[in-house]
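The values are calculated or read from the model by the stated rules, or taken from the named source; none is laboratory data. Bear in mind that the values here come from a model prediction, so they are computed numbers and not experimental data. A quick note on method: Cβ atoms are made from the backbone with ideal geometry, for glycine too, and the neighbour counts reach across all protein chains shown. Heads up: the accessible areas ignore ligands, DNA and RNA and are worked out on the full protein's heavy atoms, side chains in. Shrake-Rupley method; radii C 1.70, N 1.55, O 1.52, S 1.80 Å.
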Amino acid sequence: MRDIPTPAGLLAGLDVFIGGPIQHAILSNGFAGDLQDAISSAIDVVRENGGNVFSAHVVEKFGAETAAFTPEQVSVRDFRWMKKCDVFVPVLPLLPDQTLRRTDGTHVELGWATALGRPIVIVTRQPFVDSASHLLKGLHRVGSVWTVDFDEFNEKPSLLIEGVLAATEGQREAISAGVVA
């Protein structure tokens, strides 16, 4: 019998859905650079630690190919990813005026994640800014929610791994015991 190689890393075996603004981050001069950098860092650090990433930003090439997808395709794709993922990581950046960048789709995904019992690790300014809705600020009361401060994450992307590890402790124990869904 031949050994099957397994992925190495702290997040080996985990499916991580990384989300955040797309439509409202497509600017006249391209995609919002600070957001693209943050999401790219999140994707890179998850992959470097053995996690499997689901990302509309990658599929849609950070807005360059968003128009190639219909609303129906995006809805079905993202909902399938949410049902399959082990953790949802929305990146919620601020605008220069210190309000949250609009992201209707990510907020829908936060609802899906909560309803499906998926743990959530939100990367955003902490404490939540005043413009964040009551539902976002209180989400931890109805779901498994961890937060990573956006500015601290930009300085040290590995903080995301700590959050994902905390959020997925149960899933990782099942994976290491050989329990698969």
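Laid out as a table, the results:
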| item | result |
| --- | --- |
| Calculated FRET value between E65 and E152, using beta carbons and R₀ = 41 Å, to 0.05 | 0.85 |
| Cα coordinate range in segment 51-181, projected on the principal axes (Å, largest first) | 48, 36, 28 |
| DSSP bridge orientation in segment 11-103 - percent antiparallel, rounded to nearest 5 | 30 percent |
| Principal-axis tilt of helix 33-48 within the chain, Cα atoms, nearest 10 degrees | 0 degrees |
| Hydrodynamic radius of segment 43-101 per Kirkwood, over alpha carbon pairs, in Å | 13.3 Å |
| Surface share of carbon and sulfur [accessible, 1.4 angstrom probe, percent] for segment 26-181 | 54 percent |
| For D149, solvent-accessible area (1.4 Å; no DNA, RNA or ligand), Å² | 20 Å² |
| Mean accessible surface per residue for segment 50-133, computed with a 1.4 Å probe while every protein chain stays in place, in Å² | 47 Å² |
| Calculated FRET value between A8 and K137, using beta carbons and R₀ = 30 Å, to 0.05 | 0.20 |
| Using a Förster distance of 35 Å, the FRET efficiency for D130-N29 (Cβ separation, nearest 0.05) | 0.80 |
| Using alpha-carbon coordinates, inclination of helix 158-167 to the longest axis of the chain, degrees | 60 degrees |
| Segment 1-122 pair-distance distribution - Cα-Cα, 5 Å bins, rounded % | 2, 11, 20, 23, 20, 13, 6, 3, 1, 1, 0, 0, 0 |
| Relative contact order computed over the chain (Cα-Cα under 8 Å; 6+ residues apart), in percent | 24 percent |
| The chain - mean residue ellipticity at 222 nm from DSSP helices (-39,500 (n - 2.57) per run, n ≥ 4, rounded to 500) | -11500 deg cm²/dmol |
